[in-house]
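The values are calculated or read from the model by the stated rules, or taken from the named source; none is laboratory data. No experiment lies behind these values; they were computed from the predicted model shown. Here the Cβ positions follow ideal geometry from the backbone for every residue, glycine too, while neighbour counts run over all protein chains shown. Note: areas computed on protein heavy atoms with side chains; ligands, DNA, RNA excluded. Shrake-Rupley method; radii C 1.70, N 1.55, O 1.52, S 1.80 Å.
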Amino acid sequence: MGLPCGFGASTLQTLKLVAIPSSFSMLRPCISKTLSLHSYHHFQRSSLPFLSRALSATALQSTSIANEDEKVVKPQWRAAIDFKWIRDNKDSVAANIKNRNSNADLELVLELYERLSNLQKEVERLRGERNVVANKMKGKLERSERQRLIEEGKNLKEGLAALEEDLVELTDKLQQEAQSIPNMTHPDVPIGGEDCSVLRRMVGSPREFSFPVKDHLQLGKGLDLFDFDAAAEVSGSKFYYLKNEAVMLEMALINWTLSEVTKRGYTPLTTPEIVRSSVIEKCGFQPRGANTQVYSIEGSDQCLIGTAEIPVGGIHMDSILASSTLPLKYVAYSHCFRTEAGAAGTATRGLYRVHQFSKVEMFILCRPEDSDTYHEELIGIEEDLFSSLGLHFRTLDMASGDLGAPAYRKFDVEAWMPGLERYGEISSASNCTDYQSRRLGIRFRPSSEISTGPKKGKTNIPTQFVHTLNATACAVPRMVICLLENFQKEDGSVIIPEPLIPFMGGLDLIRPKSK
């Protein structure tokens, strides 16, 4: 997702689903289970030595099959899931679920799929019988025979209507359970928890200080840059006021980042900061539940965003893009909001983990065969930005247990924070393949090819799902921590890195305020 504040898709929303009606019990055994929402998708990587499948969902709305004179039931948005592939590759999918610490119930998914397949066959059988009866009634018939066919048609219609309604319910149950299955994982991703992540690159070295180092809270107090106490009274804990040069520093970071990334061909955006909960779900995050990271607006289907990745992903929702328009590259500025449920301890104090912050996010939509290349581009941009500011950082190839549901592969950037005496995550870059685009319904139409057969002309080529990638270019609070703590002087002043000075109105040093 490109967020340094733990907005993971592992937090699951659960829905209590009613059991299938008792009729047709042999086809539809009663099920009552709490199901989790995620998604499932598949794709083939030509660059890999084996077939690689990914799991996700589409945002396509679907309606139940019904006669014109029957009420049409409209279930929730459906996932584009290849259940046959899941069944045929059960061992690989099960291993991936285990490696990613997912709670997806694969056995239940396969059981529901089998029941759905049987029910669909029965529906098709009854439809066929209904059509046979309808065709018989078109000819000349004895009155008694016509009456018999009418009665038979009525019974078939009633039975079929009940089955079709049950088909919708069972489909919804299968969809919701299958959506808990995470994306498949890049073969080079290390298996295990966060501590199994592999060092990809180390840039610079920790600065040596000849004086006692202060953390950003101590520096901010001496420079009069923050007010956490007043913010706590006004809004609650983990909120803050920025003051004086800290305000200028936030604006400088945002404008400098936007300027640098825009030069690389990215379209700048500001985004809505309130979105529909369904869009959050389609991006792979959960807007409900006890430990959700999402602020939901009571009495509505809307939520505050935790990242600009969500509204940017929604721009092209339910659309087919021309191949010639790809890749689409965006750099978006927004405020972000996190509940930070479960966050506590010294590792979260000050600006490190807060409920509201400003962030610049990069987002790419591209052809499937190009996503690995653009993943490298995104992490390269992040490393260039942080290097130019003179930060010491390391880039990690994150282990499978730390990927969250959408990411096929994720690189994290952790910068050294001398006041906190540890590395802290300041950015990440994720390749989500078609996990999000299948949910959001974002496809592209490849260029038509000229036929060389007897019939000259263009052939219709099926649409494909795009791949989506995201990366944090600048999460302001954590960048402020890095800059204050790494560029502090003995007298408590802080040097402004050279690239930011023009965006600070020429200010090159933040000095302590006179008493």
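Can you spot a residue in segment 413-430 that is under 29 Å from Val93 (Cα atoms) and either open to solvent by 10 Å² or more (accessible area, probe 1.4 Å) or among the aromatic types (Phe, Trp, Tyr) (or both)?
No, segment 413-430 has no match at all.
Would you pick out the residues in segment 218-253 that are open to solvent by less than 50 Å² (accessible area, probe 1.4 Å), in a helix (DSSP H, G or I) and within 19 Å of Phe487 (Cα to Cα)?
Leu219, Gly220, Gly222, Leu223, Glu245, Ala246, Leu249, Glu250, Ala252, Leu253
Would you please list the contacts, defined by Cβ atoms under 7 Å and residues six or more apart or on different chains, that run from a residue in segment 310-339 that is closer than 23 Å to Phe239 by Cα to a residue that is open to solvent by less than 30 Å² (accessible area, probe 1.4 Å) and among the small types (Gly, Ala, Ser)?
Pairs found: Ala332/Ala308; Ser334/Ala308; His335/Ser358; Cys336/Gly306; Phe337/Gly306; Arg338/Gly306.
Residue pairs, Cβ under 7 Å, 6 or more apart or interchain, first in segment 119-131 and assigned to a helix (DSSP H, G or I), second crowded, with 16+ Cβ neighbours inside 10 Å and small (Gly, Ala, Ser). List them.
Leu126/Gly159; Arg130/Gly153
So in segment 172-208, with the set limited to residues that are touching a Pro at 6+ places or on another chain (Cβ under 7 Å) and outside any strand (DSSP E or B), which one is surrounded by the fewest Cβ atoms within 10 Å (Cβ to Cβ)?
Pro206
What are the pairs with Cβ atoms under 8 angstrom where one residue, in segment 138-161, is of a type in the set (Asp, Glu) and the other, located anywhere, is crowded, with 16+ Cβ neighbours inside 10 Å? Sequence gap at least six, or different chains.
Listed pairs, sorted by first residue: Glu152/Val133.
Hey, among Phe363, Phe337, which residue is closer than 16 Å to Val261 by Cα, under 19 Å from the mean Cα position of the chain (by Cα) and either modelled with pLDDT of 95 or more or surrounded by fewer than 21 Cβ atoms within 10 Å (Cβ to Cβ) (or both)?
One residue alone meets the criteria, Phe363.
When you scan segment 347-386, how many residues do you find that are assigned to a helix (DSSP H, G or I) and among the β-branched types (Val, Ile, Thr)?
So the count comes out to 4.
Which one of these does Arg130 not meet: (1) among the charged types (D, E, K, R); (2) touching a Pro at 6+ places or on another chain (Cβ under 8 Å); (3) over 30 Å from Thr433 (Cβ atoms)?
(2)
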